[in-house]
Amino acid sequence: MRASLIQIAVEEGESVESRRVRVAALVREQAGAADLVVLPELWTTGAFAYEEFGSEAEPLEGPTFEVMAKAASDAGVWLHAGSIPERAPAGEGSAAGEGALYNTSLVFSPSGELAAAYRKIHRFGFDKGEAVLMGAGEELVTVRLPGTTVGVATCYDLRFPELFRGLVDAGAETLVVPAGWPERRRAHWTLLARARAVENQAFVLACGTAGTHAGVPQAGHSIVVDPWGEVLAEAGSGEEILTVEFDPSRVATTREQFPALKDRVLGLRAPERRARS
């Protein structure tokens, strides 16, 4: 399988509409070069452009949906179109009648059909930003591609290993993580991507952004890691398309040769409790 991670530069001065058109063209360029294309988190606005989330939020099947569905179909690729600030239908998650915001990822099939949507579960910001502006997703999402099952996560999710255990239990063999990760914590980005690959014996495809979001320099350095934790490919800090070929069957081979997942004890079931007499 060939995957292309498009590390988009999000800079001031480029409108969201112009960026959609530009990114769609980059996706179309992957026709014949990749089976799976991955875009970063919140590339329409920038992951730290909190003030733009509300004004640029769109319905699930809004402008970005339409442009990316067409790009996937034109290129004939599976497309993880990164994430968008989604405004849910009126009344959903909001007593005020205006739907709540979510950080929502879109995955399209080569025919341009929506294969999955994932609302980010772990929101970054603690007591500000995404953590207070957006609602939390509640469901783990996997997508079956030819040859592999993809588990979907987003950026800050990478710090929570229990989410990835859940994806593995749901059959995931390839973990795709779009992100808007800041440069000041780039060491964590690489470390956590490798850790999630090793502990889950899965491929990790982590696609970041370049440029500066609302004054926050981005880490870039999109990365592809194999089930042993070896880095197969890594981008630099600028806008770049990182293309790598990998063999999904190595997941089964790795798990058979080193069956650590079979030795899991905690988290599989609640311990039995004996009543005291």
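A cut-off of 5 Å between modelled amide H atoms, ignoring neighbours fewer than 5 places along the same chain, links Phe124 with Ala131. In a DSSP loop and with at most 11 other Cβ atoms within 10 Å, the GluC sites (Glu not before Pro) in the range 65-163 are Glu113, Glu138, Glu139.
When Lys and Arg each count +1 and Asp and Glu each count -1, what net charge do the other residues less than 12 Å away from Arg22, Cβ to Cβ, add up to?
-2
The lysines whose alpha-carbon is closer than 18 Å to the alpha-carbon of Lys128, local same-chain residues fewer than 8 away aside, are Lys120. Could you work out how far apart the two model spin labels at Arg22 and Glu245 are, taking each label as a point 7 Å from the Cα in the direction of the beta carbon, and quote it in nm? Placing both labels 7 Å along Cα→Cβ, they lie 3.1 nm apart.
Dividing the mean sequence gap of close Cα pairs (under 8 Å, 6+ apart) by how many residues the chain holds gives a relative contact order of 19 percent.
Entry note, the range 1-56: relative contact order of 50 percent, from Cα contacts under 8 Å with a spacing of 6+ residues.
If I compute Rg and Dmax of the Cα atoms in Å from the structure I just sent, which labelled value in (1) 18.4, 57; (2) 18.5, 72; (3) 21.9, 71 lines up? After the calculation, the listed value that fits is (2).
When +1 charges are put on Lys and Arg Cβ atoms and -1 charges on Asp and Glu Cβ atoms, the dipole computed for the range 2-260 relative to its Cα centre reaches about 460 debye. Net length available on complete extension from Ala31 to Ser15 is 3.2 nm, with 0.36 nm assigned per residue and the Cα-Cα distance removed. For the range 2-260, DSSP calls about 65 percent of its internal beta bridges antiparallel. Peptides 28-36, 256-264, 166-174, 204-212, ordered by how many other C-beta atoms sit within 10 Å of their residues on average, highest first, read 204-212, 166-174, 28-36, 256-264.
For Thr149, the amide hydrogen comes within under 5 Å of the amide hydrogens of Glu173, Thr174, counting only partners 5 or more places away or on other chains and with H modelled in the peptide plane. Shown in residue order for the range 219-226 are the 3J(HN,Hα) couplings computed by the Karplus curve 6.51 cos²θ - 1.76 cosθ + 1.60 at θ = phi - 60°: 6, x, 6, 3, 8, 10, 10, 8 Hz (x for Gly and Pro). Of Val107, Gln201, Ala172, whose Cα points farthest to the positive end of the dipole of the range 2-260 (charges on the beta-carbon: +1 Lys, Arg; -1 Asp, Glu; origin at the Cα centre)? Looking along the dipole axis, the top candidate is Gln201.
Compared with the alpha-carbon gap, the fully stretched path from Thr253 to Glu230 is longer by 6.8 nm at 0.36 nm per residue.
Centre-to-centre separation between the Cα atoms of the range 1-45 and those of the range 87-152: 19 Å. Counting Lys and Arg as +1 and Asp and Glu as -1 over every other residue whose Cβ lies under 12 Å from the Cβ of Pro217, the net charge comes to +1.
Here, each number is a calculation from the coordinates, and none is a lab measurement. Note that the coordinates shown come from a computational prediction; the quantities given were computed from them, not determined experimentally. Ideal geometry is used to build each Cβ from the backbone, glycine not excepted, and the neighbour counts take in all protein chains shown.
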